[in-house]
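Here is the structure we will look at.
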Amino acid sequence: MASKPYWIKERQNPQLGVYYVGCGQISVTKAKKYEKPLYGHNVMHRFASEQEYNARIAELRDKGLMVQ
């Protein structure tokens, strides 16, 4: 069984602005569901490994961006 990719959701909320949510390891099907929120806009960023995922989260935080 192939492992699931890691995902970071880029949340573009009209009231709160842009922020990021680490979703961890989820299926492609579930990630696609996150792309269609009821309000605002989401972009899902896929990572093949946990190391790439964690490095991107650290990079976003280093830039002063909000990551949940």
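The values are calculated or read from the model by the stated rules, or taken from the named source; none is laboratory data. Only a predicted model underlies this, so the values are computations on that prediction, with no experimental measurement involved. FYI the Cβ positions are ideal-geometry reconstructions off the backbone, even for glycines, and counts take in every protein chain you see.
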Please find, within segment 14-30, the residue that is nearest to Q68 (Cα to Cα) out of those that are in contact with a Phe, Trp or Tyr (Cβ under 7 Å, 6 or more places away or on another chain) and either modelled with pLDDT under 95 or part of a strand (DSSP E or B) (or both). C23
Quick one: would you say R61 is assigned to a helix (DSSP H, G or I) and either modelled with pLDDT of 95 or more or within 11 Å of the chain's Cα centre (by Cα) (or both)? yes
For residues that are in contact with a strand residue (DSSP E or B) (Cβ under 8 Å, 6 or more places away or on another chain) and under 11 Å from Y6 (Cα atoms), tally how many sit in segment 29-55. 10
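Restricting attention to segment 33-57, and to residues there that are surrounded by fewer than 11 Cβ atoms within 10 Å (Cβ to Cβ) and at pLDDT 95 or above, which single residue is nearest to E10 (Cα to Cα)?
Going residue by residue through segment 33-57, those that are surrounded by fewer than 11 Cβ atoms within 10 Å (Cβ to Cβ) are 36, 38-39, 48, 51.
Remaining after also requiring at pLDDT 95 or above: 48, 51.
Numbers: A48: 17, Q51: 19 Å.
My answer is A48.
Taking segment 31-47, which residues are within 13 Å of the chain's Cα centre (by Cα) and not in a strand (DSSP E or B)?
First, pick out the residues of segment 31-47 that are within 13 Å of the chain's Cα centre (by Cα): 31-35, 41-47.
Within segment 31-47, A31, K32, K33, Y34, E35 qualify.
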If you scan segment 1-32, which residues turn out to be of a type outside the set (A, V, I, L, M), free of Cβ contacts under 8 Å to residues at least 40 places away in the same chain and either touching a Pro at 6+ places or on another chain (Cβ under 8 Å) or surrounded by 16 or more Cβ atoms within 10 Å (Cβ to Cβ) (or both)? K9, R11, C23, Q25
